[in-house]
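A.B. asks: Can you keep this structure in mind? I'll have questions shortly.
Only the coordinates and a few stated rules stand behind these numbers; no lab work does. The model shown is predicted, which means the values in this text are computed figures rather than measured ones. So basically every Cβ, Gly included, is an ideal-geometry build from the backbone, and we count neighbours across all protein chains shown.
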Amino acid sequence: MTPSPQATSPRATAASAPPRLAIVLISLAMGGFAIGTTEFASMSLLPFFAADLKIDEPTAGHAISAYALGVVLGAPLIAVLGARFARRTQLLALMLVFALGNALTALAPGFGWMIAARFLSGLPHGAYFGIAALVAASLVPLDRRSQAVGQVMLGLTVATIIGVPLANVIGQAVGWRASFGLVSVLALLTLLLCALFAPRDQAGRSDPLRELAALRSGRVWITLAIGAIGFGGMFAVYTYLASTLIEVTKVSPAIIPFFLAVFGVGATLGNLFVPRFADRALMPTAGVILLFAAVALLLFPLAAGNPWLLAIDVFAIGASVSLGAILQTRLMDVAGDAQLLAAALNHSAFNTANALGPFLGGIAIREGLGWTSTGPVGAALALLGFLIWTVAWRDSKSATVAAASNGDAASFRSAPARPAPPLAPDHSRSNPATDPVA
């Protein structure tokens, strides 16, 4: 695909109105804030809605898996079906469905209805982040893509500092249903911000069949596998963190929001600083993060008995969330023309991890291995993700060497795909007086 002048011009440098760019990124990040609040708050509220609905906590974990399944199925389906629609239109529609799903969760009369509502809430998740990441990347030079995607993902990580602890406090004080009602309000606020500030683009810039071409790429699948397996460890621990704090660390439930905020600070700082290294050495940074996560997860059982040591370890586990932005950028590099589907599939992969981690952690707990057994389970998943990463790293190294030693076209076809520039907004159809990035 021939890069468009807009996609390669220095339009997002200092000369292109940074305040307007910041407003667009903040608007997109607000959606991430709403999504992050519901995704992680549902885990922290698990003991409370389990008690209210009169089910055990491992069974209540199925609500987490239902949301994750919605993401896994919804991300590729919406990406393909929505390929002919303008990205701005898709962002608005996805936030509307997300608001509805969380409102229905708050009103669910029983666990079965809650499962269905959580599944509906998860459907827009991956497609929203995929589209938002492409919009953000289209507004900056190629060498700042990881940072731009990381800034959109900051909405999710800031949610773990503010949104999730607040939802937990509200859930304990008023009831868990009020927390999901809060998320529905946040989704409607995002819808308003995107309507006002998201760049207007032209419909029909992508083709469903071209998007499906991403599924033929081995490099796309191996990148997705790194996230689907390697990220499962973090979810294995985080899903049962509230229960571990109560049962093992012996802290008051009122202290739980503090630990959730510590996790969020780690995730936010990770997303702020790690992508800077990824823009220089993308795949090596991903490998380091996976090993770092494995060590932090292995230390979890040792730290769980001491609240201060546990806070440090939870902070470190939170920092591994930065893997998401790194793999999102890697997919932009290897997906060719199928940018939208690949970006959405990244969140399918991470929510496969969101389903896999709690499932395996729940099995360990049910088998009597204790609440802290989620740490070794998580470390095993992180290390397995690292093994998959080594295959991807070896492939990218050998392809690069082949391309350097053989200058012919065949060599370059076997090399890693050239970063396909995200489709820039169609400014020719927008009003410069109203379009914030025109």
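A.B. asks: When a/c reaches 1.5 or more, the comparison of a/b and b/c decides; with that in mind, is region 60-154 rounded, prolate or oblate per its Cα gyration tensor? Please list the in-between numbers first.
C.D. replies: Values: a/c = 2.59, a/b = 2.04, b/c = 1.27.
It is prolate, given that a/c is not under 1.5 and a/b is the larger ratio.
A.B. asks: Please pull out the direction-averaged projected area of region 28-78, using the convex hull of its alpha-carbon atoms, in nm² to one decimal place. Don't jump to the answer; show the numbers that get you there.
C.D. replies: Working: hull surface 16.3 nm².
Value for region 28-78: 4.1 nm².
A.B. asks: Cα centroid distance between region 327-397 and region 175-197, in Å?
C.D. replies: The two parts, judged by their Cα centres, are 28 Å apart.
A.B. asks: If you plug each phi of region 384-394 into the Karplus form 6.51 cos²θ - 1.76 cosθ + 1.60 with θ = phi - 60°, what whole-Hz ³J(HN,Hα) values come out, in order, with x for Gly and Pro?
C.D. replies: 5, x, 5, 4, 5, 4, 4, 5, 5, 5, 5
A.B. asks: For region 316-400, what does the relative contact order come out to in percent, with C-alpha contacts under 8 Å and a separation of six or more?
C.D. replies: On the way: 27 pairs, mean separation 13.0, N = 85.
Taking the mean separation of contacting Cα pairs over the length of region 316-400, I get 15 percent.
A.B. asks: Counting only the backbone N, which residues of region 235-277 are under 14 Å from the spot 7 Å out from the Cα of Val169 toward its beta-carbon?
C.D. replies: Backbone N within reach: 254-262.
A.B. asks: Moving on to the next point. I'd like the FRET efficiency for Thr89 and Arg394, computed as 1/(1 + (r/R0)^6) with the beta carbon distance as r and R0 of 56 Å, rounded to 0.05.
C.D. replies: Working from the Cβ atoms, E equals 0.85.
A.B. asks: May I pose another question? Please label the shape of region 226-268 as rounded, prolate or oblate, based on the square roots a ≥ b ≥ c of the eigenvalues of the alpha-carbon gyration tensor (a/c under 1.5 means rounded; beyond that, a/b larger than b/c means prolate, else oblate).
C.D. replies: Because a/c hits 1.5 or more and a/b fails to exceed b/c, region 226-268 counts as oblate.
A.B. asks: Once you list every other residue whose beta carbon is under 12 Å from the beta carbon of His62, what net charge do they have if Lys and Arg are +1 and Asp and Glu are -1? Numbers along the way, then the final one.
C.D. replies: Working: positive: Arg118; negative: Asp56, Glu57.
Taking every Cβ under 12 Å from that of His62, the sum is -1.
A.B. asks: Which order, highest average first, do 248-256, 40-48 follow once you tally other Cβ atoms within 10 Å for each residue and take the mean per peptide? Mind showing how you got there, number by number?
C.D. replies: Values: 248-256: 14.6, 40-48: 24.8.
Top of the packing list down: 40-48, 248-256.
A.B. asks: Separate question: For region 74-143 and region 221-282, write down the distance between their C-alpha centroids in whole Å.
C.D. replies: A separation of 22 Å, based on Cα centres.
A.B. asks: Ranked from highest to lowest mean number of other Cβ atoms within 10 Å per residue, what is the order of the peptides 376-386, 345-355?
C.D. replies: Details: 376-386: 22.9, 345-355: 27.4.
Ranked by mean Cβ neighbours within 10 Å, highest first: 345-355, 376-386.
A.B. asks: For region 21-117, rounded, prolate or oblate, judged on the Cα gyration tensor with a ≥ b ≥ c (square roots of eigenvalues), a/c < 1.5 rounded, else prolate if a/b > b/c?
C.D. replies: Details: a/c = 2.55, a/b = 1.84, b/c = 1.38.
Because a/c hits 1.5 or more and a/b exceeds b/c, region 21-117 counts as prolate.
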